[in-house]
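K.L.:
Take this structure, written in structure tokens, and hold onto it; I'll ask about it next.
Derivation of every value follows stated rules applied to the coordinates shown; laboratory data play no part. All of these numbers come straight from a predicted model, not from anything done at the bench. Because the Cβ atoms are built from the backbone with ideal geometry, glycine has one as well, and the counts that use them run over all protein chains shown.
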Amino acid sequence: MRKSATLMVALFLGAVSVFAQDRFDYSGRWNAAVMGGPMFSISENVHSYTGQGNTADLFTAQGSIAVGYDISPAFGVRVTAGFGKNVSAENYKQTVLEYPTQRFPYTFWSVNLFADAILNVNEWAEVDSPFSPKFYAGVGVAETFGFKETGDHHPWQWEKINKTNTPIGFRFGFIGEYDFTSGIGIFVDIAGEAYMDNYNGIHPETEAHEKGEGYAGFPLDLRALASFGVIYHF
């Protein structure tokens, strides 16, 4: 009898130990998340904001939903769909002599789709913790539309801006996730995204740069995002 009781206790403690070690191993499980937060836009003519004391106007709001799958304790994948309001501006430096007091900001909307590959650092560090630092990289595509001037009407560039665009993009990011044993977690997601140069409707060619000061020479449109979200592993 005593041997049986001892064996049962040993089996119970072993099961508890295994369970404890695997508390936050979601291998073979799906997850769903919702997130949102501020976004910072950087593209052609950003000097229209930063050079005039309006840098805060480059911050807007964005949100996303995501569905993911944990392939192993170390690796996962997810697909995200995001929506947000972006800001940019037309070139005032090439029109400043004729229009010295005017500025030409505009806004537009975007739908952003990404597929991400995620690395969970805990598995490599052999750490069993409710907090999981993760890094990811992704490729995607966006649709930009709903362009609207929010300042003065540009004398010539507004008509040249493409009002619908479908640029390819890529991104890198960090996730800090804290999970509860129920499978629910909270997280912060910090990402940097880069898109083909027509994301904001302006795609200056080499000859446009040579005409004078104004256009940014970097061949990509950029966004920095900080999102706060809730995730459920099921």
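K.L.:
From Cα coordinates alone, what are the radius of gyration and Dmax values for the range 126-165 in angstrom?
P.N.:
21.0, 61
K.L.:
Another question, then. Just grab the label-to-label distance for Trp158 and Ile71, each label 7 Å out from Cα along the Cβ direction, in nm (one decimal).
P.N.:
4.9 nm
K.L.:
For the range 95-199, what size does the Cα cloud have along each of its three principal axes, sorted from largest down, in whole Å?
P.N.:
Principal extents (Cα only, largest first): 64, 26, 24 Å.
K.L.:
Oh, and also: Packing-wise, with mean Cβ within 10 Å as the measure, how do 155-162, 139-146 rank, highest first? Please list the in-between numbers first.
P.N.:
Values: 155-162: 13.4, 139-146: 16.6.
Descending mean neighbour count gives 139-146, 155-162.
K.L.:
Shifting gears a bit: Quick one: if you stick a label point 7 Å off each Cα along the C-beta vector at Gln102 and Leu119, how many nm between them?
P.N.:
My value for the distance between the label points is 5.1 nm.
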